[in-house]
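The values are calculated or read from the model by the stated rules, or taken from the named source; none is laboratory data. Keep in mind that this is a model prediction, so the values were computed, not measured. Reconstructed Cβ throughout: ideal geometry from the backbone, glycine too, with neighbour counts over all protein chains shown. The protein model used for the area step is the full one, side chains on, heavy atoms only, and it has no ligands, DNA or RNA in it. Shrake-Rupley method; radii C 1.70, N 1.55, O 1.52, S 1.80 Å.
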Amino acid sequence: MSELELKAEKLDGADALASKRDEFVLDDVVYLDGNSLGALPVSVPGRVEDVVRRQWGELRIRSWTEGGWWTAPERIGDRIAPLVGAAPGQVVVGDSTSVNVFKALVGAVRLARSADTGRDEIVVDATTFPTDGYIAGSAARMTGCTLRPVPPSEVPAALGDRTAAVLLNHVDYRTGRLHDLPSLTAAVHAAGARVVWDLCHSAGALPVGLDEHGVDLAVGCTYKYLNGGPGSPAFLYVREDLQDRFDSPLPGWNSHAEPFGMREEYEPAAGAVRGRVGTPDILSMLALEAALEVWDGVCVDTVRAKSLALTDFFLECVEAYVPGDRVECVTPRAHAERGSQVALRCPDAGEVMRRLIARGVVGDFRHPDVLRFGFTPLYVGFADVERAARVLAEELAAEAARGGPGPDPYGGAGSRAR
Ligand SMILES: Cc1ncc(COP(=O)(O)O)c(C=O)c1O
Ligand SMILES: Nc1ccccc1C(=O)C[C@H](N)C(=O)O
């Protein structure tokens, strides 16, 4: 056994979360793509079977009330709340992240304007995952605002009297950079504006502290580190003291104070329910509820500590195994600036990733040249990390022996990038 294999064995032996892996359906693949689609928790198939056969098949309409379907969005929101540092009553589950970005951002502009009508700018993370940028553009057009894309580090300097709302990513999907949520939130507030945080790449991976840091609104998906399944519903956080003034741009009947009153006039419900829109997607939602059971007894600080240990160890193994100039790490080394992934730039990343996947090391490729490896502390171990780095080094060496990078597998176009 090599020194790093021995080290991996020792780290796995001391891992307080090691037994969690058995709560997931995994084979001998090294799965480092939980930042795109989390693995399947063992409890989910049985629960989905019950929801479909018994709750839907036998109880039918009674399940909306007796089976707790109607209140699932708030109930499951309260299960997610402690994972993102929120007290109960502020998180609701439903719709996609994209839809919740829209609700939150338009809601944030309306909140800012209720105090100062002169605010007419939306600042958006210039490096954002595309959907947030597209939706911010539409939100700006709808609200008569100007859209200002700004790199997160330059956001404080860009804020002013005209800023209505700021949309930021907690962790950059491509580089894995963790942005400073407390200080950026404080800067936005000092300028009199409202902030919306996209937590897709931090929820379930690291402490967020929404209440502690006074965040206004936040959204996140549940299919990455929360393992809710493909397309599982997203969540929306509206801070308690803002809920009465939160004016959703999608005021569907599910957010009405009295949905079954079927009244002509809209009267928004109190609390997190105000963030709902239409009928919840119960099958996905209850699959997510089952998936969240793996968090019972798990502390996010423990998850964060293991996440940093995993990414540290991956960087150590890559440095030891991979020739220096072959890859460039674009994920910050500083723990305070690192999410739960490592992104390596490499000239023919698409082809390299294809080869890694063929050898049982599953990460993903992000346009134009990034190998992305996500580390989900609940089911990734240190031996996985060592193996991934070793296979990466072997594939890069094999490629060099073949005469270097081949042609760009995507022909230089972005169509295959996700
Ligand atoms: C930061 C971020 N926001 C939003 C999304 C996607 O939103 P949706 O769940 O609506 O597809 C993703 C990933 O898909 C993401 O990484
Ligand atoms: N929802 C998906 C559906 C299909 C394929 C990927 C995704 C992702 O979530 C991508 C992810 N947001 C990313 O950070 O690249």
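Please verify whether region 61-74 includes one or more residues that are of a type in the set (Phe, Trp, Tyr), open to solvent by 70 Å² or more (accessible area, probe 1.4 Å) and farther than 25 Å from residue 25 by Cα. Break it down into steps so the answer makes sense when it comes.
Here is the first cut: in region 61-74, the residues of a type in the set (Phe, Trp, Tyr) are 64, 69-70.
Okay, now just the ones that are also open to solvent by 70 Å² or more (accessible area, probe 1.4 Å), so none.
No, there is no match, as no residue in region 61-74 is of a type in the set (Phe, Trp, Tyr), open to solvent by 70 Å² or more (accessible area, probe 1.4 Å) and farther than 25 Å from residue 25 by Cα.
Looking at region 223-243, which of its residues are aliphatic (A, V, I, L, M) and within 16 Å of ligand 2 (Cβ to nearest atom)?
226, 234
With the structure loaded, tell me whether residue 9 is away from ligand 2 (no atom under 16 Å from the Cβ) and open to solvent by 80 Å² or more (accessible area, probe 1.4 Å) or whether it fails that test. Break it down into steps so the answer makes sense when it comes.
Working: away from ligand 2 (no atom under 16 Å from the Cβ): yes; open to solvent by 80 Å² or more (accessible area, probe 1.4 Å): yes.
Taking the combined requirement at face value, the residue satisfies it.
Checking the condition out of contact with any Pro (no Cβ under 6 Å at 6 or more places or on another chain) and assigned by TED's automatic domain parsing to the domain that holds residue 71, which residue from 305, 291, 272 passes?
Values: 305 fails: assigned by TED's automatic domain parsing to the domain that holds residue 71; 291 fails: out of contact with any Pro (no Cβ under 6 Å at 6 or more places or on another chain).
After ruling out the rest, the residue left standing is 272.
Residues in region 269-316 that are of a type in the set (Val, Ile, Thr) and outside any helix (DSSP H, G or I): how many? So that I can check it myself, show each step before the final result.
Restricting attention to region 269-316, the residues satisfying the condition of being of a type in the set (Val, Ile, Thr) are 273, 277, 279, 282, 294, 298, 300, 302-303, 311.
With the extra rule that they be outside any helix (DSSP H, G or I), the set shrinks to 277, 279, 298.
Number satisfying all stated conditions: 3.
Out of curiosity, is residue 29 within 16 Å of ligand 1 (Cβ to nearest atom), closer than 26 Å to residue 206 by Cα and among the β-branched types (Val, Ile, Thr)?
Numbers: within 16 Å of ligand 1 (Cβ to nearest atom): no; closer than 26 Å to residue 206 by Cα: yes; among the β-branched types (Val, Ile, Thr): yes.
No; evaluated as a whole, the condition is false for this residue.
Looking only at residues that are outside any loop (DSSP other than H, G, I, E, B) and crowded, with 24+ Cβ neighbours inside 10 Å in region 183-214, which one is nearest to ligand 1 (Cβ to nearest atom)?
Taking region 183-214 first, the residues outside any loop (DSSP other than H, G, I, E, B) are 183-190, 194-198.
Applying the additional criterion that residues be crowded, with 24+ Cβ neighbours inside 10 Å yields 188, 194-198.
Numbers: 188: 18, 194: 19, 195: 15, 196: 11, 197: 10, 198: 5 Å.
By that ranking, first place goes to 198.
In region 160-182, how many are open to solvent by 60 Å² or more (accessible area, probe 1.4 Å) and more than 16 Å from ligand 2 (Cβ to nearest atom)? Before you say what the answer is, go through the steps one by one.
Quick first cut of region 160-182, residues open to solvent by 60 Å² or more (accessible area, probe 1.4 Å) only: 161-162, 174, 177, 180.
Adding the requirement that they be more than 16 Å from ligand 2 (Cβ to nearest atom) leaves 161-162, 180.
Within region 160-182, residues that are open to solvent by 60 Å² or more (accessible area, probe 1.4 Å) and more than 16 Å from ligand 2 (Cβ to nearest atom) number 3.
Looking only at region 245-267, how many residues end up being touching a helix residue (DSSP H, G or I) at 6+ places or on another chain (Cβ under 6 Å), open to solvent by less than 50 Å² (accessible area, probe 1.4 Å) and under 21 Å from residue 111 (Cβ atoms)?
Number satisfying all stated conditions: 4.
For region 97-124, which positions are surrounded by 24 or more Cβ atoms within 10 Å (Cβ to Cβ) and assigned to a strand (DSSP E or B)?
122, 123, 124
Could we say that residue 315 is surrounded by 23 or more Cβ atoms within 10 Å (Cβ to Cβ) and either assigned by TED's automatic domain parsing to the domain that holds residue 203 or under 16 Å from residue 393 (Cβ atoms) (or both) here?
no
If you go through region 20-32 one residue at a time, do you hit one that is aliphatic (A, V, I, L, M), within 16 Å of ligand 2 (Cβ to nearest atom) and under 23 Å from the mean Cα position of the chain (by Cα)?
Pass one, region 20-32, residues aliphatic (A, V, I, L, M): 25-26, 29-30, 32.
From what is left, the residues that are within 16 Å of ligand 2 (Cβ to nearest atom) are 32.
When the remaining residues are screened for being under 23 Å from the mean Cα position of the chain (by Cα), the result is 32.
For region 20-32, residues aliphatic (A, V, I, L, M), within 16 Å of ligand 2 (Cβ to nearest atom) and under 23 Å from the mean Cα position of the chain (by Cα): present.
Residues that are assigned by TED's automatic domain parsing to the domain that holds residue 348, of a type outside the set (Asp, Glu) and over 22 Å from the mean Cα position of the chain (by Cα): does region 373-385 have at least one? Give the steps one after another, and end with the answer.
Within region 373-385, the first condition is being assigned by TED's automatic domain parsing to the domain that holds residue 348, and the residues that meet it are 373-385.
Those still in the list that are of a type outside the set (Asp, Glu) too: 373-383, 385.
When the remaining residues are screened for being over 22 Å from the mean Cα position of the chain (by Cα), the result is 382-383.
Yes, region 373-385 contains a residue that is assigned by TED's automatic domain parsing to the domain that holds residue 348, of a type outside the set (Asp, Glu) and over 22 Å from the mean Cα position of the chain (by Cα).
Looking at 73, 82, which one is in contact with a Lys or Arg (Cβ under 6 Å, 6 or more places away or on another chain) and assigned by TED's automatic domain parsing to the domain that holds residue 176? Break it down stepwise before answering.
Numbers: 82 fails: in contact with a Lys or Arg (Cβ under 6 Å, 6 or more places away or on another chain).
Selected residue: 73, the only one of 73, 82 that is in contact with a Lys or Arg (Cβ under 6 Å, 6 or more places away or on another chain) and assigned by TED's automatic domain parsing to the domain that holds residue 176.
More than 16 Å from ligand 2 (Cβ to nearest atom), closer than 24 Å to residue 213 by Cα, free of Cβ contacts under 8 Å to residues at least 24 places away in the same chain and open to solvent by 20 Å² or more (accessible area, probe 1.4 Å) - does that describe any residue in region 85-96?
Yes: one or more hits.
Give the number of residues within region 125-147 that are assigned to a strand (DSSP E or B) and either outside the structural domain of residue 183 (by TED's automatic domain parsing) or crowded, with 18+ Cβ neighbours inside 10 Å (or both).
The first filter runs over region 125-147 and keeps only residues assigned to a strand (DSSP E or B), leaving 125, 146-147.
Now restrict to residues that are either outside the structural domain of residue 183 (by TED's automatic domain parsing) or crowded, with 18+ Cβ neighbours inside 10 Å (or both): 125.
Counting residues in region 125-147 that are assigned to a strand (DSSP E or B) and either outside the structural domain of residue 183 (by TED's automatic domain parsing) or crowded, with 18+ Cβ neighbours inside 10 Å (or both) gives 1.
Could you tell me whether region 345-358 includes any residue that is outside any helix (DSSP H, G or I), under 26 Å from the mean Cα position of the chain (by Cα) and either closer than 17 Å to residue 36 by Cα or among the β-branched types (Val, Ile, Thr) (or both)? I'd like the intermediate steps shown before the answer.
Going through region 345-358, the residues outside any helix (DSSP H, G or I) turn out to be 345-348.
If we keep only those that are under 26 Å from the mean Cα position of the chain (by Cα) as well, we get 345-346.
Filter once more, keeping what is either closer than 17 Å to residue 36 by Cα or among the β-branched types (Val, Ile, Thr) (or both): none.
The answer is no; no qualifying residue exists.
Keeping to region 180-212, report how many residues are of a type outside the set (A, V, I, L, M) and free of Cβ contacts under 8 Å to residues at least 60 places away in the same chain. Give the steps one after another, and end with the answer.
Restricting attention to region 180-212, the residues satisfying the condition of being of a type outside the set (A, V, I, L, M) are 180, 182-183, 185, 189, 192, 194, 197-198, 200-202, 204, 207, 209, 211-212.
Subsequent filtering for residues that are free of Cβ contacts under 8 Å to residues at least 60 places away in the same chain retains 182-183, 185, 189, 197.
Summing the residues that are of a type outside the set (A, V, I, L, M) and free of Cβ contacts under 8 Å to residues at least 60 places away in the same chain in region 180-212 gives 5.
Among the residues of region 38-60, are any within 16 Å of ligand 2 (Cβ to nearest atom) and crowded, with 18+ Cβ neighbours inside 10 Å?
Here is the first cut: in region 38-60, the residues within 16 Å of ligand 2 (Cβ to nearest atom) are 38-40.
Filter again for crowded, with 18+ Cβ neighbours inside 10 Å, leaving 38-39.
Within region 38-60, one or more residues are within 16 Å of ligand 2 (Cβ to nearest atom) and crowded, with 18+ Cβ neighbours inside 10 Å.
When you look at residue 397, is it under 21 Å from residue 303 (Cα atoms) and either open to solvent by 10 Å² or more (accessible area, probe 1.4 Å) or assigned to a strand (DSSP E or B) (or both), yes or no? If you could, list the steps in order and put the result at the bottom.
Working: under 21 Å from residue 303 (Cα atoms): no; either open to solvent by 10 Å² or more (accessible area, probe 1.4 Å) or assigned to a strand (DSSP E or B) (or both): yes.
Taking the combined requirement at face value, the residue does not satisfy it.
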